[in-house]
Amino acid sequence: GTTQYINTGFSPSTHAVAMTGTSLRIAAYERVNLASSGVAAASFNFSSTNLSVTPRASDRIFARINSDVLQTAATVTDSRGLTAVQRSASVYASYKNGSLVAFVGPPASEASSLPWAILFIGASSSNAGTPMTFRAGSEGFVCAGASFSAAQELAQYNNVQAFATAVGAQV
């Protein structure tokens, strides 16, 4: 639906283990093709300390990874599958189904601390903790943590896709 979301209770600045302000990543496995805006998952602080992923809006991947809004230069015509965005130092990268789509950045502003807002799935959280920017999608998997290598991106996609296929939820 358009107003459903999951409040994970996860605050990157409080609960992160390996994630740092300059090594962070968020990924979402979307099961329906959406061209609309809204976020698949986000910890949004109304500052440059944000973490969010939108698998497709205006035929681009949009993200906030401890920075202002980033969009990939590559065209994305299908939001289904695993979309991952990450920051490692000042290098920003977007992956679709385990393959590098684009290196992006650095953006106009970068932060070095982790977001404190709670991570929501299917929406982002306002500073007051209320949901906003809903995405009427079907998220099969969401994860957040430290940045990955290209080999790790591919391995995660293959594993998520194998699991989704085993339970009849693949795209």
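Note on the chain: helix-only mean residue ellipticity at 222 nm, from DSSP H runs of 4+ residues weighted -39500 (n - 2.57) and normalised by residue number, equals -3500 deg cm²/dmol.
For segment 88-122, the set of chymotrypsin sites (Phe, Trp or Tyr not before Pro) satisfying both a DSSP loop assignment and a count of at most 15 other C-beta atoms within 10 Å is given as Trp116.
Subtracting the Cα-Cα distance of His15 and Ser90 from 0.36 nm times their residue separation leaves 24.7 nm of extension gain.
Between Phe46 and Phe103, how high is the FRET efficiency from 1/(1 + (r/R0)^6) when r is the Cβ-Cβ distance and R₀ = 25 Å? Nearest 0.05. Could you put the intermediate results ahead of the total?
Details: r = 27 Å, r/R0 = 1.06.
E between Phe46 and Phe103, to the nearest 0.05, is 0.40.
What accessible area per residue, rounded to a whole number of Å², is obtained for segment 64-171 using a probe radius of 1.4 Å? It would help to have the intermediate numbers written out before the result.
Numbers: 4800 Å² over 108 residues.
Heavy-atom accessible area per residue stands at 44 Å².
With Kirkwood's inverse mean 1/r over C-alpha pairs for Rh, give me the Rg to Rh ratio of the chain, two decimals please. Display every interim value, and only then the final one.
Details: Rg = 14.3 Å, Rh = 15.4 Å.
The Rg/Rh ratio comes out at 0.93.
Sorting 123-132, 46-55 by average packing, meaning the other beta carbons within 10 Å per residue, from highest down gives 46-55, 123-132. In whole Å, how far is the Cα centre of segment 80-98 from that of segment 105-161? That distance is 10 Å. Projecting label points 7 angstrom from Cα along Cα→Cβ for Ala74 and Val167 puts them 2.7 nm apart.
Our summary of shape: the Cα atoms of segment 79-162 have principal axis extents of 38, 31, 18 Å, ordered from largest down, in whole angstrom.
Working from label points 7 Å from Cα in the Cα-to-Cβ sense, the Asn159 to Thr130 distance is 3.9 nm.
The values are calculated or read from the model by the stated rules, or taken from the named source; none is laboratory data. Note that the structure is predicted; figures quoted are calculated from it, not measured. Virtual Cβ from ideal backbone geometry, glycine too; neighbours counted across all protein chains shown. Remember, those area values only see protein heavy atoms, side chains included, never the ligands or the DNA or RNA. Shrake-Rupley method; radii C 1.70, N 1.55, O 1.52, S 1.80 Å.
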